[in-house]
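Below: one structure, written as structure tokens.
The values are calculated or read from the model by the stated rules, or taken from the named source; none is laboratory data. Note that the structure is a prediction, hence the values are computed from the model and not measured. Cβ atoms come from the backbone with ideal geometry, glycine included; neighbour counts cover every protein chain shown.
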């Protein structure tokens with residue numbers, strides 16, 4: 001490989017190492033599987049909705065494990081510093097992801113679909129099946145609209161209330 005090609009290869013490899021698989025790739029959408037379940041709640045059995053929460057919490061745990069592993073790999077002055085960094089990385093990530101990917105968006109889509117169902121029942125003559133599918137479509141359509149505002153609100157809330165306790169300015173660090 002030519003000298004310039006080797007430099008380019010190293011730069012690409014460094015950029016790939018900087019990508020957060022759990023936040024910068026489509027894997028991030030696993031965290032929103034429960035919102036999809038909530039959107040389909042009126043159509044599918046409750047067990048299916050619950051399974052989507054299992055998938056979402058699996059994603060949350062995988063990201064927390066990844067961040068704690070990365071913290072463990074860094075150089076630390078003492079093993080106590082390393083242990084604290086690993087615990088903070090895991091706990092911060094778990095809390096952030098639980099709030100931003102599961103609890104708040106799941107509740108938001110659940111309530112949106114609930115009130116949509118009531119509104120459609122009271123204001124339209126749609127048959128029940130059509131109302132259920134309309135509610136599901138509205139719930140699914142809302143998911144992309146709620147992601148960034150919820151992520152930002154959770155980030156600000158954690159920066160203001162939680163992170164000062166353990167001195168971390170950013171999640172996952």
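A few points about this structure:
- Condition check for residue 143: within 23 Å of residue 51 (Cβ to Cβ), outside any loop (DSSP other than H, G, I, E, B) and modelled with pLDDT of 95 or more: yes
- Unmet requirement for residue 41, which otherwise passes all of (1) surrounded by 19 or more Cβ atoms within 10 Å (Cβ to Cβ); (2) assigned to a loop (DSSP other than H, G, I, E, B); (3) at pLDDT below 95: (3)
- Residue selection: residue 57 fails the criterion of being over 29 Å from residue 134 (Cα atoms), within 17 Å of the chain's Cα centre (by Cα), surrounded by 18 or more Cβ atoms within 10 Å (Cβ to Cβ) and modelled with pLDDT of 95 or more.
- Applying the set (1) modelled with pLDDT of 95 or more; (2) surrounded by 12 or more Cβ atoms within 10 Å (Cβ to Cβ); (3) in a helix (DSSP H, G or I) to residue 85 leaves exactly one unmet item: (1).
- Yes/no for residue 72 being modelled with pLDDT under 95 and on the phi < 0 side of the Ramachandran plot: yes
- Residue match in segment 45-63 (condition: within 19 Å of residue 136 (Cα to Cα) and not in a helix (DSSP H, G or I)): yes
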